[in-house]
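Report on one structure; see the data block that follows.
All of the numbers you see were taken from the coordinates with simple rules; none came from a lab. Computed from a predicted structure; not experimentally measured. As a convention, Cβ positions derive from the backbone with ideal geometry for all residues, glycine included, and neighbour counts pool all protein chains shown.
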Amino acid sequence: MALKKGVYRINNVSNENTFVGTGPLPRALRPSPLRGCEEYWASRFLVEPQGGDNYKLLLLGMLQWKITHKGGNLVIDPFRDAESMAIDQADVEGVYRIHVPNKDLYWTLPNHAERMAPITLSGDNGSSGQEWKFEWINEAD
């Protein structure tokens, strides 16, 4: 099932209490990494379909921060162009795998990761640490 344009929170399947966010770190320290964090620190993302299984993800806040990758890590940066991410349906309804289009670089949160662990880009390993749920918040304006 394709995602529709809207605002979502994203949480990891291996630990449903772990959401994608920047945590309490100041965003001025750019490029800030995306991390697995507690619900309190969960970020809201604008998800915009780009055709096929590609989507643009923007971190919402005072600005629309663009998600990109650098050195195997996912980072947010207001000054770089947003990179499309491929979002594929996993084997379970409502569960997705997010990766760099046409590359074996999947959003990965290690199982039993420490609090505020950075989300990395790793090759497909079939783990639930590479599976994500998108929690609908509202339609995008």
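Quick look at the numbers
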read-out	value
Order of H69, H99, H112 - criterion: other Cβ atoms within 10 Å of each residue's Cβ, fewest first	H112, H69, H99
Listed values [x] 32; [y] 46; [z] 24, entry calculated as percent of Cα pairs over 23 Å apart	[z]
Ranking of M85, M116 by count of other Cβ atoms within 10 Å, fewest first	M116, M85
Which of L59, L105, L34 has the fewest Cβ neighbours within 10 Å, and the rest in rising order	L105, L59, L34
Gaussian network model of the chain, springs between alpha carbon atoms under 10 Å - residue of E83, E131, E114 with greatest fluctuation	E114
Cα centre as origin, Lys/Arg/Asp/Glu Cβ charges: the chain dipole, Debye	540 debye
